[in-house]
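Taking it in order: structure first as structure tokens, then the write-up.
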């Protein structure tokens, strides 16, 4: 019959399972000698000694003076905090090393890197977004190459053709985006330091700090100003949230038929609601309605 062995919890901090097992034994029997621990664990004394030395180096145990030597476990809270601080220091050191490697890489290859193959491309897009710290900017048109997410600031411009079903529209609103007719290219910009520019389904050009990256950032901002909001924040006024959504789609250039298809309603319903919106805003044309709604902050 096998005795119960608790699952290791310190491996994430660099403590191997056997070190943790001996640490637990020491927590249960402070001031144990090597012989005591060998008897308790059933390990040979040489094995116990090897893992005791590891615990000492990790700060999980200390040794009392005198003979035979006795060992005291570190208080778990303090020990784990020390291990976590060491782990954080190692991460900082690794990041500093990565910046040196990046500088060496850029010095040899310049600001541009070509990534080939669907698997390598998918991995790079995931890495770029996962490492984003401040902002992700996306120009998105079919076929999709990214799904924006995470807790960083994210601005997305969708091509009008990519939002073809009510479910697509709901997904776009959940992200917080704008919509534009004929988005010229696919693009992902991360923290204004990295650009991922697909040139085909199997090739992506990664752009580092350069005049090209500056140009891509300016292009995104220009398109953002031209695009129509799909998810305007709620504001007081004569238009409901559904009215603002319909007007935003109309301002983006969609026909009544296309709007009806995207909203999942009848075309006659769209036409009736649009007439009510025109009356509410005292406008005679859709362009005038969109202009007046924008001036009143109902679409901003």
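The values are calculated or read from the model by the stated rules, or taken from the named source; none is laboratory data. What you are looking at is a predicted structure, and each value in this text was computed from that prediction instead of being measured. Heads up, the Cβs are rebuilt from the backbone with ideal geometry, glycines too, and the neighbour counts pull from every protein chain shown.
Observations on the model:
- Residues of region 28-46 that turn out to be within 17 Å of residue 72 (Cα to Cα) and crowded, with 16+ Cβ neighbours inside 10 Å, as a count: 7
- Qualifying positions in region 59-87 - surrounded by fewer than 10 Cβ atoms within 10 Å (Cβ to Cβ) and over 23 Å from residue 38 (Cβ atoms): 77
- Of everything listed in (1) part of a loop (DSSP other than H, G, I, E, B); (2) surrounded by 13 or more Cβ atoms within 10 Å (Cβ to Cβ); (3) at pLDDT below 85, the single unmet condition for residue 179 is (1).
- Against the test of being modelled with pLDDT of 75 or more and either more than 14 Å from residue 139 (Cα to Cα) or surrounded by fewer than 20 Cβ atoms within 10 Å (Cβ to Cβ) (or both), the options 184, 238, 166 yield a single qualifying residue, 184.
- Filter result for residue 85 (within 45 Å of the chain's Cα centre (by Cα), part of a helix (DSSP H, G or I) and farther than 30 Å from residue 131 by Cβ): no
- Test set (1) surrounded by 14 or more Cβ atoms within 10 Å (Cβ to Cβ); (2) assigned to a strand (DSSP E or B) - residue 199 fails condition number: (1)
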